[in-house]
Amino acid sequence: MASKIECVLKQALITFSGSYTSKAFHDNLVKLKRNANELDARSINLDNRLLKWDTQELNCNLDKLSGNTIFCHVKAPVTYIEVYEDNNVSIGIFVLREGAKIPLHDHPYMYGVLKVIHGKVKIQSYTPKQTLYNQLNECIIDVIKLPPLIVNESDEPCVLCPTEGNIHQVDIVDGPAAFIDILAPPYRTEIPDVGKRNCRYFKEVNVSDDLKLVVIPDPKDYWSDTATYTGPPLKSFVDSKS
């Protein structure tokens, strides 16, 4: 019997391997959302130790004035676990530790399904008023701010579309959190007549009473490390990429 994550991957490959405009695509996207809703921390064997900060004593950095030992974090604020990726779809797990967030960023020409599997997050999304990618390459983007969503592991997955809700920020609420992220097509995949797409970061500004997002450099307070996927095996799918 296939595991829950295998069912999600199989449905994701069916959903995103063909045209995004057919009726079959939208039906398959509904099925993918339904399958993703079955996922939880146990079904992908999430290591709970990843949710916690590790600290160590740095005796070499002893504060000689106060006599207090300085502690430092030895993990990044966010850990990414790759589950699967090919040219059509990527599936990964984001683990956000206490105080972490995913800064405001975009997903150009992508669909996405986000399912919280631990804790609670706040998702603030924006819809660009422009729809063409060359317009979205501008440094200032006119946007519509959507109502924020508070989502936990008992809620259904959230879906972002190529334009609607395409730019978003994810903040933890009341402690660490983790979520499954399904994106299609992946950032590295080149799209005909569009080419490569990069993830960009933004900040919200008001210009003449109009809400806009301004492109900013990669935030210095955000970085991530990686961990190995330890959930149910996906050998048949991995072998098919070879």
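The values are calculated or read from the model by the stated rules, or taken from the named source; none is laboratory data. Note that this is a predicted model, so its numbers are computed, not measured. No Cβ is skipped: glycine too gets one built from the backbone with ideal geometry, and neighbour counts run over all protein chains shown.
When 45, 68 are checked against the criterion of being over 30 Å from residue 139 (Cα atoms), outside any strand (DSSP E or B) and modelled with pLDDT of 90 or more, 45 stands alone in meeting it.
Against the conditions (1) more than 18 Å from residue 93 (Cα to Cα); (2) within 13 Å of the chain's Cα centre (by Cα); (3) aliphatic (A, V, I, L, M), residue 143 satisfies every one except (2). If a residue has to be at pLDDT below 95 and either part of a loop (DSSP other than H, G, I, E, B) or touching a helix residue (DSSP H, G or I) at 6+ places or on another chain (Cβ under 8 Å) (or both) to count, how many in the stretch 160-174 make the cut? So the answer is 7.
Scanning the stretch 91-106 for residues that are assigned to a loop (DSSP other than H, G, I, E, B) and buried (at least 20 other Cβ atoms within 10 Å of the Cβ) returns 97, 100, 106. As a summary of the residue check, residue 151 satisfies the conditions (1) more than 17 Å from residue 224 (Cβ to Cβ); (2) touching a residue at least 40 places away in the same chain (Cβ under 8 Å) except for the one numbered (2).
Among residues of the stretch 86-100 that are in contact (Cβ under 8 Å) with a residue 60 or more places away in the chain, those with a Cβ under 9 angstrom from a residue that is surrounded by 22 or more Cβ atoms within 10 Å (Cβ to Cβ) and of a type in the set (Phe, Trp, Tyr), sequence gap 6+ or separate chain, pair up as 88/16; 89/16; 93/179; 94/179; 95/179; 96/179.
Answer yes or no as to whether residue 208 is of a type in the set (Ser, Thr, Tyr), exposed (fewer than 14 other Cβ atoms within 10 Å of the Cβ), free of Cβ contacts under 8 Å to residues at least 40 places away in the same chain and more than 23 Å from residue 31 (Cα to Cα).
Details: of a type in the set (Ser, Thr, Tyr): yes; exposed (fewer than 14 other Cβ atoms within 10 Å of the Cβ): yes; free of Cβ contacts under 8 Å to residues at least 40 places away in the same chain: yes; more than 23 Å from residue 31 (Cα to Cα): yes.
Yes: the conditions hold for residue 208.
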